[in-house]
Amino acid sequence: MTTLDSTATAPAEMADAATTPQIPAFEAPQAPAAEAANKIALPILAMLSICHLLNDMIQSLLPALYPLLKQSFQLDFGQIGLITLTFQVTASLLQPLVGIYTDKRPMPWSLAIGMGFTLSGLLLLSRATTFPMLLLAAALVGSGSSVFHPESSRIARMASGGRHGLAQSLFQVGGNLGSALGPLLAAYIVMPRGQGSVAWFAFAALTAMVILSRIGLWYREQIPAQRKAGARAVAAPRLPRKTIVATMVVLGLLIFSKYFYMASLSSYYTFYLMHKFGVTAQSAQVHLFVFLGAVALGTLAGGPIGDRIGRRYVIWFSILGVLPFTLILPHANLAWTTVLTVIIGLILSSAFSAILVYAQELVPGRTGVIAGLFFGFAFGMGGLGAAALGQLADHIGIEAVYRICAYLPAIGLLAWFLPKLEKREAAAG
């Protein structure tokens, strides 16, 4: 009987064994998670990009208003640079702290709360009557930015489905489009109607708060899986500590080069055009819009190209490749100035998404900290550049500033020292 029982049950056991790997008994719960992890969440990325557009559109109103504020408050270039410095430093100092905290304790509702600070700064800017009030408004907008950028960059990476460069570019392009729209809206809405019309843009901030609340719900659902993924990433092999530190220094110098030069255009391009070519303030704002539009297109291209050919090559070309055009720019007429700034915007803007994703791959498992550090450092360099160049322009003139800044992209030669992470990852695999 025992023999018959064994023989009888053997075919059944063999059938079970043969079919077990194909029956998703214990794998079924993991399949949707694995599929979700490998699938890009385009609706979330689209909402993030829209919110980035609204956030940076509001922020770009501040530099777009400089000609109006300069006249209304009798400001010099040094004071204008101080406004930018207040905004940028507030954002740059707080962003790494936000990233460090939220890496350990994710806060799904922090994005909507941060947009509330931006809304407060926007309303104060519309009613400011003194220079200190302008500084406080800039600080509030900077505080909102300090929360928005590291957390939204983290969510973009979560929704990337492994296509990190594409996700960061989609996220970044929203901000660049918003930065491009700001001067255009300032030229045709705020400039003709005055400082008080800035309050109309409160509707943009409120819209962003609603969308960010929806994103917060999705983020909250992803937190458990994100914690497990973060633990695996921290345990992954890394480069030697000295190599990581040296690479971060090189990336920091590249950010310095990019954002110091960008500050010369984003903060003073309108004054440069008005001084050198005698264009109106409204016409100068349109030229600034064209430049920032080119920046948006370049940002969209940089991430996907980095995913395909390697981020190191994108970084190299983006910083150093712009040098011939920056050297020609101070000697060009108005038409060629427009053409050259479009080329400069397209090439130079492709760097940041590649730099950010490269740094996140360099230090895995620290997405929020890296995003906070690099966004913060970029904002800080932009603010420091605006303040320093403003002071310099008061002493030697705005045209001389552009001749000096033309050499900054030469720092892109340092990209030669960046390690090839793609090859190391392939070897480890």
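Listing for the model above:
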item: Separation in nanometres of the label points that stand 7 Å from Cα toward Cβ, at residue 42 and residue 100; result: 4.0
item: Accessible area expressed per residue, the chain, with surrounding protein chains retained (probe 1.4 Å, Å²); result: 44
item: Dipole magnitude (debye, nearest 20) for segment 330-429, charges at Cβ of Lys, Arg, Asp, Glu; result: 240
item: Order by protection proxy (mean Cβ within 10 Å, highest first), peptides 289-296, 163-170, 276-283, 65-72; result: 163-170, 289-296, 65-72, 276-283
item: Dipole magnitude of the chain about its Cα centre (Cβ charges: Lys, Arg +1; Asp, Glu -1), debye to nearest 20; result: 620
item: Whole-number percent relative contact order across segment 48-205, with pairs defined as alpha carbons under 8 Å at least 6 apart; result: 43
item: Rel. contact order, % - alpha carbon contacts under 8 angstrom, at least six apart, the chain; result: 27
item: Solvent-accessible area, 1.4 Å probe, carbon plus sulfur percent, for the chain; result: 68
item: For the chain, with +1 on Lys and Arg beta carbons and -1 on Asp and Glu, the positive-most of 129, 177, 50 along the dipole; result: 129
item: Span-like helix ranges in the chain, DSSP H, alpha carbon extent 27 angstrom or more, Kyte mean at least -1.0; result: 42-64, 77-104, 131-158, 164-185, 202-235, 241-277, 281-309, 367-396
item: Rounded FRET efficiency, nearest 0.05, which uses the C-beta distance separating residue 249 from residue 361 and R0 of 22 Å; result: 0.80
item: Dipole of segment 88-180, positive direction: furthest Cα of 156, 140, 97, with charges on the beta-carbon; result: 156
item: Burial order of peptide ranges 216-222, 171-177, 250-256 (average beta-carbon count within 10 Å, highest first); result: 171-177, 250-256, 216-222
item: Cβ-placed point charges (K, R +1; D, E -1), dipole of segment 271-401 about Cα centre in debye, nearest 20; result: 260
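The values are calculated or read from the model by the stated rules, or taken from the named source; none is laboratory data. Just so it is clear, the model here is predicted, and its values are computed rather than measured. Using ideal geometry, Cβ is built from the backbone for each residue, glycine included, and neighbour counts are taken over all protein chains shown. Just so you know, the surface numbers come from the protein's heavy atoms only, side chains and all, with ligands and any DNA or RNA stripped out. Shrake-Rupley method; radii C 1.70, N 1.55, O 1.52, S 1.80 Å.
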